[in-house]
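Quick notes on the structure that follows.
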Amino acid sequence: MTQVDVPVIAPDRPVQHLDHNYINHSKGILSWLLTLDHKRIGLMYLAGISASFFLGGLFAMAIRLELFAPGMQFMSAEQYNQVFTLHGAVMVFLFIIPGIPAALGNVVLPLMLGAKDVAFPRLNLGSFYLWISGAGFFVYTLLTKGLDTGWTFYTPYSTTGNNTAVISATFGVFLLGFSSIFTGLNFLVTIHKMRPPGMTWHKLPLFLWGMYGTAIMQILATPVLGITLLLLIMESTLGIGIFDPNKGGDPVLYQHFFWFYSHPAVYIMILPAMAVISEVIAAFSRKHIFGYRMIAYSSVSIALLSFLVWGHHMFVSSESTLATLIFSAITFSIAIPSAIKVFNWLATLYKGSVALNTPMLYALEFIWLFTIGGLTGLFLAVLSTDVALHDTYFVVAHFHYVMVGGTLFAFFAGLHYWWPKMTGKMYSETSSRLGSIVAFIGFNLAFFPQFIMGSRGMPRRYADYKPDFELFHQLSSVGTAILGVGLAIVAYSLVRSLFSGKKAPANPWGSATIEWECPSPPPHHNFDHPPAATDPYDMERVEWNEEVGGYVPVQGYRPVVHH
Amino acid sequence: MKFGALSLSLVLAAGIAGGVTLAAEPTSSEAAAPAPAAPAQDVDALIAQYNSKARAQALEAGESYTYREFSNEERGWIREGAEAKRAAAVDGLIAEYNAGLSGMPARVFTDEEKFWIAMALDPAEVESVYEGHTAIPTGNPNKVLYMEAGELQKPIESDPQYGTPPAAQNTAPLAEELDPALRPSLWVPVAASETAEEVDAMFNFIMYINYFFAALIAVLMVVFCVKYRRRPGVRADQSITHNTPLEIFWSVVPTILVAIMFWGGYKTFLDLRTSPPDAMQIYVKARQWGWDFTYQNGVETAGEFHVPANTPIEMVMTSNDVLHSFHLPAFRQKSDVLPNRYTKVWFDSGEPRTYRVYCSEYCGTGHSNMYSKLVVEPREDYEAWLKKEGNWMVGPDGEYKEPLEIGKLTYVRRGCNACHSIDGKHGTGPTFAGLWGLERRFDAAGDNKRIADEDYIRQSITDPHSQLVYPYGKNMSIYDPMLPEPQIIGMIEYIKSLADVPRDADAW
């Protein structure tokens, strides 16, 4: 370790809380609807995404209620098929994919760079309205037509019969796709061009590395989905044979197109989640993240490898043996960077100063759930066991552990971590921790039994099942109810903080990244002076200050440079 | 069970007579009500039992055995003999049941119910068929009215030939693979073949690795969080930022483990996908929502399929409509079934047992009812079954059955019942009840319409999408090749016979 001369960051006692901030900067509904402020756009996304999550959650409850006992309870098979389709489609397209990047990313990304806004603020607002329009088409489909194809829209089921709902729903997804592309483009350019002085690529906070990898995938993969859905619409409306064998098409071609987008999309969902966890684990351990470069490179390698594994969704879809061999091998190669991240997070805890605040609780829960999700993925990457497990509840459990246990819990980790910054309010640790723990218990009870019934053969997307599987379905339904209670507590705690939470300091957690240097909530223009960047995980450069009830920069601090 | 002794005596008698003449002579009918004719398959079952026993005896004696065929005359003797004894036995069972009611008025059974009793149901079980309903006999022996919630419901016409009581429809076969005694572990169903055991070996290997890493990560997480919890005056050790040897170690070890998994999984996958050259092929056609099987001798069967024990079987599969997936958990086998190409799975059938087949690729409304049953049985039983299946349109007299009978059987065997009800309720397709002679409208306004006559029904079977009744969609399978002529005629007759059954107002 060497002491070297670097620009010393020594601002005067910073302002902690601003009464005049971005939230009350201007008034009136139009000042929100036409805003170009990334923070306000982020909050609007947060509202939309939360509404979508609530809607998708209601569908989930309906599914588990129907499956509580064998035989049909209160839905017909048609209704069940529509409900599971809407649950999947709403959760994937309206919540998980945009959740962390669009809602949290929009608020945090420019702040983390010390920038005034994203590179293209108007495009950013455009993305939001594309999202709203896409969501609108979804809700329209929901209210007027029965969409029952599953969120994957597999052909030829989606192009035959009287599936007019498919057209409006896929057009909605098409618009959502453009929203995603524009957001990715915006973030990519922002990270490239608007980094503050001193923020070299190797001083980029890991959240930004994750967002960068996500942006690459959003820009390169989503157009394929757009084209695919256009082809699907052309086939249904114009009768051009592309996927429907009755018209000379090939249904498996659709699966190739679909998963060429949707596999990277899986990483569009999980990479931002991992990025959030890296920030939270380091902040609440008050310790430099372990293996910074490995985490950063693993984000980019996951982003690139994610384009080469789509075929693992099709091991039993008549894929050739050679293709299965190649896709299985590449799939394992993508498992390694994920494993590395988990080990790095654990090593960050080692000899840290660990505080179990709500965001950290979510991050630890994430590590457990993501570990289960990742390890059970091995069964599905191995060709022989995948043949047995494909399209069973084992797969359902696996991707819920990754998407919900992973992305949702990371979303909550990030939401609670940046909540003081976004709203200027502190929530009650007691009720938020309680909500987190109840949700964690409920989640495990809801989805772990699904592994067992899946490996015993229970296929997915069944409106009804044989009594052999009753016990597992009932455990799962009870777990879902507990999960619902947990989420209600979480929502209660956050909403209550808006009204009665105490004012948040600029840096309540002791993080070293730049977004904590501006007051909470930030002013409209974010920073009075462009901040300079140092190592984002040099936790010693801030210290606890009793007077302000938060962390403040150490006066005259000289960073220790690690090699 | 109840007829075990009966058939045994028959077989013994047949054995003593050398199989040339049968001892059972028709006795004078002592039964009060005329029992319905014993169906052909019962005669077949008795013959199969006879052959099975005789074969076993021959093998024990070190002799070869050829399957004993029975002439139609002989079959008639068997049938009548069984029928007379059966009628008596059924009456005895009913008397026993009524005696057990102690004080309550005796239960009168319809001819149809008597038939069910003859087929194996207990009188008490017959009652359970109507669980929640009160059965009311009618003059028609094949019609049962029932009460539900105090209201008289529409008559259910069930099919005595097929013998399926209304409430028992769509019941899946027992899944022996899920029997706790046969399951090798908490996680998986019975492994029915060596290949399945290979898959399980890999499954267990990965599971142990999962247990190890999950435990390791959980323990480290908890220990670190407790040991290094935030305490006043204690700072985090900022000197630990990375450790290259450690990071290489924890990258290389998982890489080696997944390389082992990958290679082992690939090898077994080749076993799952490469059938032995002597495998017996069965052609499979999946449709919304059922499975049709065609054997190499041209015999077609639906709903369930039988295979001989300890034989490699290759399923050559294609779909009539959308994607399906042939999912056989006990053999750890699965493949999607596509409308535009053949896919194949194979399995070594192993010991005699019954397994469930699922459709595991989402295919629409009836997806969760798209089961089939795989029956693995001794070769001679399999051969008898195949023979019986091949002759399902032929009566015990060796002649074709009446068109109406063929129609009733076609309705079930071809899976029409998955979408078209006969009780007046509308399903994925229009109900057959009261369809005959009805005006069919092909648009909302009714500008485009047609009377449901023979021509209409024929075209609806052979080219259903050419005349879609409003507002139904293009859901029906196009039968390619179309149904054989006797079955089309049978369907016309069957729909004709349902002309007077009332249909619901919303069953267009």
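What translational diffusion coefficient, to the nearest whole µm²/s, does the stretch A:54-167 have by Stokes-Einstein, given a Kirkwood radius computed over alpha-carbon pairs, a temperature of 20 °C and 1.002 mPa s viscosity?
The estimated diffusion coefficient comes to 132 µm²/s.
Which lysines does A:Lys27 reach when only Cα atoms under 25 Å apart count, and residues fewer than 8 places away in its own chain are ignored?
Correct list for A:Lys27: A:Lys39, A:Lys116, A:Lys421, A:Lys425, A:Lys502, A:Lys503.
Using just the alpha carbons, could you tell me how many Å³ per residue the convex hull of the stretch A:322-378 encloses? Mind dumping the intermediate values first?
Details: hull volume 3.8 nm³, N = 57.
Convex hull of Cα atoms, per residue: 67 Å³.
With a Förster radius of 56 Å, plug the Cβ-Cβ distance of A:Arg293 and A:Leu65 into 1/(1 + (r/R0)^6) and report the FRET value to the nearest 0.05. Provide the component values of the computation, followed by the final result.
Working: r = 48 Å, r/R0 = 0.86.
Step by step, r from the Cβ atoms, then E = 0.70.
Can you give the local net charge around B:Ser335? Use residues other than it whose beta-carbon is closer than 13 angstrom to its beta-carbon, Lys and Arg +1, Asp and Glu -1.
Cβ neighbours under 13 Å give a net charge of -1.
Could you work out the mean count of beta carbons from other protein chains within 10 Å of each residue's beta carbon in B:200-207? Don't skip to the answer; put the middle values down first.
Details: counts 3, 1, 6, 7, 0, 3, 7, 6.
Per residue, the number of nearby Cβ atoms from other chains is 4 on average.
Per residue of A:363-376, how many C-beta atoms from partner chains lie within 10 Å of its own C-beta, taken as a mean? Each step should come with its number before you reach the end.
Working: counts 0, 4, 0, 0, 4, 5, 0, 1, 7, 5, 0, 3, 9, 4.
Partner Cβ neighbours, averaged per residue: 3.
Give me the percent of Cα-Cα pairs in the stretch A:443-528 that sit more than 21 Å apart, rounded to a whole number.
Working: 2123 of 3655 pairs.
Percentage above 21 Å: 58.
Quick one: pull the percentage of alpha-carbon pairs in the stretch A:337-422 with a separation above 14 Å. Spell out each step's value before the answer.
Values: 2502 of 3655 pairs.
Tail fraction, whole percent: 68.
Please arrange B:Glu493, B:Glu197 by how many other C-beta atoms lie within 10 Å of their C-beta, fewest to most.
Working: B:Glu493 19, B:Glu197 13.
With the sparsest Cβ surroundings first, the list reads B:Glu197, B:Glu493.
Through the Karplus equation 6.51 cos²θ - 1.76 cosθ + 1.60, θ set to phi - 60°, convert the phi angles of the stretch A:420-428 into ³J(HN,Hα) values in whole Hz; use x for Gly and Pro.
Running phi through 6.51 cos²θ - 1.76 cosθ + 1.60 with θ = phi - 60° gives x, 5, 5, 10, x, 10, 9, 8, 6 Hz.
Just subtract the alpha-carbon distance of B:Ala309 and B:Lys227 from 0.36 nm times their residue separation and send over the number in nm, one decimal. Mind dumping the intermediate values first?
Values: separation 82, 0.36 × 82 = 29.52 nm, distance 6.06 nm.
Full extension of this stretch gives 23.5 nm more.
Any lysines with Cα under 27 Å of the A:Lys351 Cα? List them, leaving off those in the same chain fewer than 8 positions away.
Excluding near neighbours in sequence, the set is A:Lys203, A:Lys287, A:Lys341, B:Lys227.
Could you give the distance between the Cα centres of the stretch A:250-329 and the stretch B:373-429, to the whole Å?
Distance between centres, Cα-based: 49 Å.
Could you check the simple spin-label distance between A:Thr200 and B:Ala58, using points 7 Å along Cα→Cβ, in nm with one decimal?
Placing both labels 7 Å along Cα→Cβ, they lie 9.0 nm apart.
Can you give me the distance in nm between label points at B:Arg341 and B:Asn448, each placed 7 Å from the Cα along the Cα-to-Cβ direction?
Here the modelled spin labels are 3.5 nm apart.
Any chance you could check the Cα centroid distance between the stretch A:161-231 and the stretch A:76-138 for me, in angstrom?
10 Å
What's the ranking of B:211-223, A:369-381 by average number of surrounding C-beta atoms within 10 Å, highest first?
On the way: B:211-223: 14.2, A:369-381: 23.6.
Those peptides, ordered most packed to least, come out A:369-381, B:211-223.
If I take R0 = 60 Å and measure r between the Cβ atoms of B:Trp263 and A:Glu546 in this structure, what FRET efficiency does the formula 1/(1 + (r/R0)^6) give, to the nearest 0.05? Intermediate values should be presented prior to the final figure.
Numbers: r = 60 Å, r/R0 = 1.00.
Working from the Cβ atoms, E equals 0.50.
Which of the peptides B:235-246, A:276-287, B:287-298 is most tightly packed, and how do the rest follow, judged by the mean count of other Cβ atoms within 10 Å per residue?
On the way: B:235-246: 14.6, A:276-287: 28.4, B:287-298: 18.6.
Descending mean neighbour count gives A:276-287, B:287-298, B:235-246.
Sort the following peptides by mean Cβ neighbour count (other Cβ atoms within 10 Å, averaged over residues), highest first: A:317-323, A:434-440, B:88-94. Working shown, then result.
Details: A:317-323: 14.9, A:434-440: 21.1, B:88-94: 17.7.
Going by the mean number of other Cβ atoms within 10 Å, highest first, we get A:434-440, B:88-94, A:317-323.
Please quote Rg/Rh for chain A to two decimal places, taking the Kirkwood radius as Rh and restricting both calculations to Cα atoms.
Working: Rg = 23.5 Å, Rh = 24.2 Å.
Looking at chain A, the ratio lands at 0.97.
Put +1 on the Cβ of every Lys and Arg and -1 on every Asp and Glu Cβ in the stretch A:40-553; which of A:Leu322, A:Phe394, A:Pro101 then has its Cα farthest towards the positive end of the dipole?
It is A:Pro101.
For B:Ala181 paired with A:Val485, estimate the spin-label separation in nm (one decimal), with each label point 7 Å from Cα along the Cα-to-Cβ line.
Distance between the two pseudo-spin positions: 4.0 nm.
With a cut-off of at most 14 other beta carbons within 10 Å, and DSSP calling the residue loop, which trypsin sites (Lys or Arg not before Pro) in the stretch A:415-504 qualify? Please list them.
Working: sites: A:Lys421, A:Lys425, A:Arg433, A:Arg456, A:Arg460, A:Arg461, A:Arg496, A:Lys502, A:Lys503; in loops: A:Arg456, A:Arg460, A:Arg461, A:Lys502.
In loop regions of the stretch A:415-504 (DSSP not H, G, I, E or B), the sparsely surrounded trypsin sites (Lys or Arg not before Pro) are A:Lys502.
Can you give the average number of partner chain beta-carbon atoms within 10 Å of each beta-carbon in peptide A:518-531, as a whole number?
Values: counts 0, 0, 0, 0, 0, 0, 0, 0, 0, 0, 0, 0, 0, 0.
That average works out to 0.
For A:Ser179, B:Ser185, which order do you get if you count the other beta carbons within 10 Å of each Cβ and list the fewest first? Intermediate values should be presented prior to the final figure.
Working: A:Ser179 26, B:Ser185 12.
So the residues, fewest neighbours to most, are B:Ser185, A:Ser179.
Note down the magnitude of the dipole of chain A about its Cα centre, charges +1 on Lys and Arg C-beta and -1 on Asp and Glu C-beta and zero elsewhere, to the nearest 20 debye. Can you show the working numbers first?
Numbers: 29 positive and 29 negative charges, 136 e Å.
Approximately 660 debye in magnitude.
Quick one: length gained pulling A:Ile227 to A:Ala355 fully straight, 0.36 nm per residue minus the C-alpha distance?
Numbers: separation 128, 0.36 × 128 = 46.08 nm, distance 4.76 nm.
The span from A:Ile227 to A:Ala355 would gain 41.3 nm if fully extended.
Return the Rg/Rh value of the stretch B:214-296, two decimal places, where both radii are evaluated on C-alpha atoms and Rh is the Kirkwood radius.
Numbers: Rg = 26.8 Å, Rh = 19.4 Å.
With Rh from the inverse mean 1/r over Cα pairs, Rg/Rh is 1.38.
Once you've got the Cα coordinates, tell me which of B:Lys285/B:Lys474; A:Lys466/B:Lys53; B:Lys285/B:Lys449; B:Lys285/B:Lys401; B:Lys285/B:Lys425; B:Lys344/B:Lys401 are over 24 Å apart.
On the way: B:Lys285/B:Lys474 19 Å; A:Lys466/B:Lys53 36 Å; B:Lys285/B:Lys449 33 Å; B:Lys285/B:Lys401 26 Å; B:Lys285/B:Lys425 27 Å; B:Lys344/B:Lys401 36 Å.
The pairs that break the limit, which is 24 Å between Cα atoms, are A:Lys466/B:Lys53; B:Lys285/B:Lys449; B:Lys285/B:Lys401; B:Lys285/B:Lys425; B:Lys344/B:Lys401.
Please compute the length gained on full extension between B:Ala215 and B:Ala499, using 0.36 nm multiplied by the number of residues separating them and subtracting their Cα-Cα distance. Walk me through the intermediate numbers first.
Values: separation 284, 0.36 × 284 = 102.24 nm, distance 6.72 nm.
95.5 nm is the gain from fully extending B:Ala215 to B:Ala499.
How much net charge surrounds A:Trp516 when only the other residues with a Cβ under 12 Å from the Cβ of A:Trp516 are counted, with Lys and Arg +1 and Asp and Glu -1?
Values: positive: A:Lys421, A:Arg541; negative: A:Glu279, A:Glu515, A:Glu517.
Here the charged neighbours net out to -1.
Could you line up A:Arg122, A:Arg558, B:Arg230, B:Arg356 from fewest to most neighbouring Cβ atoms inside 10 Å? Don't skip to the end; give the middle numbers.
Numbers: A:Arg122 10, A:Arg558 13, B:Arg230 17, B:Arg356 23.
Sorted ascending by nearby Cβ count, the order is A:Arg122, A:Arg558, B:Arg230, B:Arg356.
We did not get these values from a lab; they are worked out from the coordinates using the rules stated. All of these numbers come straight from a predicted model, not from anything done at the bench. We place every Cβ from the backbone using ideal geometry, glycine too, and count neighbours over all the protein chains shown.
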